[in-house]
Amino acid sequence: MKTTLSNKAAPCPLDHVNRQFHAPAPNKLWVADFTYCSTRAGFVYVAFVIDVFSRYIVRWCVSRNMKTSLVLDALEQAIHNRGRHDGLIHHSDRGSQYLTIHYSERLAEAGIEASVGSVGDSYDNALAETINGLYKAEVIHRRSWKSCEEVEFETLKWGNWFNNQRLLSRSEIFRRLSTKRSIMSKPPSMLKQHDSNQTTSSNPGTVQRLLHTSSLSYPDTREEGVL
């Protein structure tokens, strides 16, 4: 299945990354992409936003369609999780979802500079593609799937393992600790206010509701002080 549907007529930001997936500090470069999974009930789509410095999945979202709302929900959750940061670049492929007016306006509103790779070249978004590949190899391709909710719950468990439980190299541990210090040092006035009883999705799934209301959610780095 082809998920990158490019709109050649749409205005497109420049590529500010040029395949250099390195960042000097947390929240300087995020990469985003989404992938798909076949279930008995139809296709399901999973979007990720990753911090390049710490290789941390900032947020993710699951949906039954690949409309702009899928990637926009993941972005909204990432912005809420990390707050506003000067000099942050958001890099994606040239998929039409990432080039819509709504998505571009939300990036601008949050003070995030957009960066977009070329058409049909996975190397231009290689880090996000790598996360997609790991996710599909370690979760999706290991079994058949019944529903969107089932994929959502397993994605929640895998995301928690990837961020908080897997073995890290010495450099990864250093980057995670640096990210923790950066987030915890943010003054409360710079963190976006959020109603924990609301979600950006117009039709949130079961697990997305759990993310806001239960202990199964990813730890909020500002409140729990963990990565």
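Quick rundown of the values:
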read-out	value
DSSP-assigned coil residues among trypsin sites (Lys or Arg not before Pro) in region 110-154, each with at most 15 further Cβ atoms within 10 Å	Arg143, Lys146
Derived scalar couplings ³J(HN,Hα) [region 107-122; Karplus, 6.51 cos²θ - 1.76 cosθ + 1.60; whole Hz; x for Gly, Pro]	4, 5, 4, 8, x, 9, 8, 7, 9, 9, x, 7, 7, x, 10, 5
Region 27-159, relative contact order [Cα under 8 Å, separation at least 6], %	26
Size of charge dipole - region 82-125 - debye, nearest 20, with Cβ of Lys, Arg +1 and Asp, Glu -1, no other charges	160
Projected label distance in nm at Ala137 and Asn18, using a 7 Å step from Cα toward the beta-carbon	3.0
In sequence order, calculated HN-Hα J values of region 40-53 (Karplus, 6.51, -1.76, 1.60; Hz; x Gly/Pro)	5, 8, x, 6, 10, 10, 10, 10, 10, 10, 10, 7, 5, 4
Residue-count net charge about Ser118 - beta-carbon cut-off 9 Å; Lys, Arg +1, Asp, Glu -1	-3
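Values quoted throughout were computed directly from the atomic coordinates according to the rules given, and no laboratory measurement underlies them. Owing to the predicted nature of the structure, the values given are computational and were not obtained by experimental measurement. Note that each Cβ is placed from the backbone with ideal geometry, even for glycine, and that neighbours are counted across all protein chains shown.
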